[in-house]
1. Step by step: first the residues of the range 171-180, then only those that are out of contact with any Leu (no Cβ under 8 Å at 6 or more places or on another chain) and surrounded by 12 or more Cβ atoms within 10 Å (Cβ to Cβ), then the one that is farthest from THR94 (Cα to Cα). Which residue is that?
2. Does GLU18 fit the bill of being without any contact (Cβ under 8 Å) to a residue 12 or more places away in the chain and at negative phi?
3. Being within 21 Å of ARG88 (Cβ to Cβ) and more than 20 Å from the chain's Cα centre (by Cα) is the filter here, so list the residues in the range 149-170 that pass it.
4. May I ask you to list the residues in the range 1-31 that are under 20 Å from the mean Cα position of the chain (by Cα), loosely packed, with under 13 Cβ neighbours inside 10 Å and either modelled with pLDDT of 90 or more or not polar (S, T, N, Q) (or both)?
5. Being among the charged types (D, E, K, R) and touching a Ser or Thr at 6+ places or on another chain (Cβ under 8 Å) is the filter; apply it to the range 123-173 and report the residue that is farthest from ILE74 (Cα to Cα).
6. Taking the options LYS12, LYS93, LYS55, LYS60, name whichever one is among the basic types (Lys, Arg), in contact (Cβ under 8 Å) with a residue 24 or more places away in the chain and closer than 25 Å to LEU157 by Cα.
7. Across the range 76-92, which residue is surrounded by the fewest Cβ atoms within 10 Å (Cβ to Cβ) among those that are under 16 Å from VAL120 (Cβ atoms) and among the polar types (S, T, N, Q)?
8. Quickly run through the range 93-115 and pick out the residues that are closer than 13 Å to GLU81 by Cα and either under 17 Å from the mean Cα position of the chain (by Cα) or loosely packed, with under 12 Cβ neighbours inside 10 Å (or both).
Amino acid sequence: MKVLFATSNPAKVKRYKELLKDNGIELITLKDIDIDLDVEESGKNALENAHIKAKAYFDKLNIPTIGMDNSLFIEDINEDEQPGTHVRRVGGKTLTDDEMIEHYTSLVKKYGDKLVAKWVYGMVIYTEKGIFEYTWNKDDFYFVSKPCSLRNPGYPLDSIAVVPEYNKYLVELTEADKQKTERTTATEKVIEFIVNSVKK
């Protein structure tokens with residue numbers, strides 16, 4: 001079964017592709033299709049943006065389509081500096097991975113030694129049998145001003161996010177580390193949600 005993941009983020013694709021393959025689902029992406037819609041992500045939160053993306057591509061291609069978005073909330077910073085759904089877009093400009101690291105480390109320096117933050121994720125799947133949605137959070141980390149030298153393409157903030165449980169950057173976590181945390185459980189629940197939704 002082919003399912004479209006309406007994203008061009010390589011890290012998101014990598015996270016789910018192999019796990020879905022094990023469940024009989026071939027995950028295809030925007031790079032695999034010859035259609036690039038101009039989708040305006042005008043939602044007020046991650047779930048609304050996920051709906052917008054999934055619906056646009058499902059309406060065009062009529063195959064099961066996953067839309068996903070995330071919002072970032074940082075404690076103790078000015079409201080006008082909250083990223084929300086505009087994590088990569090700052091001051092009207094879409095930032096590269098390196099520019100994101102520079103922007104968020106400058107925020108840390110402005111407010112202190114570290115900034116506690118939370119990701120809120122939204123995923124929506126459009127199929128012929130219905131529309132399905134799922135949300136989850138990740139809040140076991142804080143940002144620091146000194147980046148790790150390692151990079152996770154598509155997820156640049158993993159290089160400035162420290163997980164207190166291990167006192168390691170998120171990008172440094174081994175598979176063994178992840179097995180011990182909620183991260184693996186969260187991914188398993190997302191895979192279960194996708195499989196259940198598209199195979200109904």
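1. Residues of the range 171-180 that are out of contact with any Leu (no Cβ under 8 Å at 6 or more places or on another chain), as a first pass: 173-180.
Narrowing further to those that are surrounded by 12 or more Cβ atoms within 10 Å (Cβ to Cβ): 173, 177-178, 180.
Numbers: LEU173: 28, ASP177: 32, LYS178: 30, LYS180: 35 Å.
Among those that are out of contact with any Leu (no Cβ under 8 Å at 6 or more places or on another chain) and surrounded by 12 or more Cβ atoms within 10 Å (Cβ to Cβ), it is LYS180.
2. Working: without any contact (Cβ under 8 Å) to a residue 12 or more places away in the chain: yes; at negative phi: yes.
Yes: the conditions hold for GLU18.
3. none
4. Across the range 1-31, the qualifying residues are GLU18, LYS21, GLU26, LYS31.
5. Our first condition is that a residue be among the charged types (D, E, K, R); within the range 123-173, this holds for 128-129, 133, 138-140, 146, 151, 158, 165, 168, 172.
This time we only want the ones that are touching a Ser or Thr at 6+ places or on another chain (Cβ under 8 Å), so: 140, 146, 151, 165.
Working: ASP140: 12, LYS146: 17, ARG151: 21, GLU165: 19 Å.
That would be ARG151.
6. Numbers: LYS93 fails: in contact (Cβ under 8 Å) with a residue 24 or more places away in the chain; LYS55 fails: closer than 25 Å to LEU157 by Cα; LYS60 fails: closer than 25 Å to LEU157 by Cα.
Criteria check complete, one pass: LYS12.
7. Residue satisfying both the conditions and the ranking: GLN82.
8. Passing the criteria: TYR104, SER106.
The values are calculated or read from the model by the stated rules, or taken from the named source; none is laboratory data. What you see is a predicted model; the values in this text were computed from it and never measured. Don't worry about glycine lacking a Cβ; one is built from the backbone with ideal geometry, like all the others, and counts go over all protein chains shown.
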